[in-house]
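Take a look at the structure below.
Values quoted throughout were computed directly from the atomic coordinates according to the rules given, and no laboratory measurement underlies them. Remember, predicted model here, so these are calculated numbers, not experimental data. Note that each Cβ is placed from the backbone with ideal geometry, even for glycine, and that neighbours are counted across all protein chains shown.
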Amino acid sequence: MVFVSLAGCSKGDSYGSSGSNNNNGNNNTSTVLMENNNYSKASLTIKKGSTVTWKNNDYTTHNVTADDNSFNSGDIIAGYSYSRKFDASGTFPYHCTHHATMKATVVVN
């Protein structure tokens, strides 16, 4: 008998690389939607220690890749999401490697 666990692959969970999604009780969370080959927020400002979740509400696969390659969600298929906790201050531009027009920035204070 073979058992397969899909614990990390259900709707709402990360698909592909999983960023840190443990916010240790910190309720500072933000969501960025991926729709119509765009990120819903071109610039998002958050507090250090906050978590950002990118949810793919589109019909095609997207990803979240830091311009400096410091994080990469892997492919996120339609209906799935990726979360990352930002522990350091700074400006973090990112893009979708599948769609050149998809670019955005997270600013962490």
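Listed by chain and number, the aspartates and glutamates whose C-alpha is less than 15 Å from the C-alpha of LYS103, apart from same-chain residues fewer than 8 away, are GLU35, ASP67, ASP68. At R0 = 25 Å, how high is the FRET efficiency between LYS103 and THR29 if r is their beta carbon distance? Nearest 0.05 is fine. Result of the calculation: an efficiency of 0.65. The alpha-carbon of LYS85 sits under 16 angstrom from the alpha-carbons of these aspartates and glutamates, leaving out residues fewer than 8 places away in its chain: ASP13.
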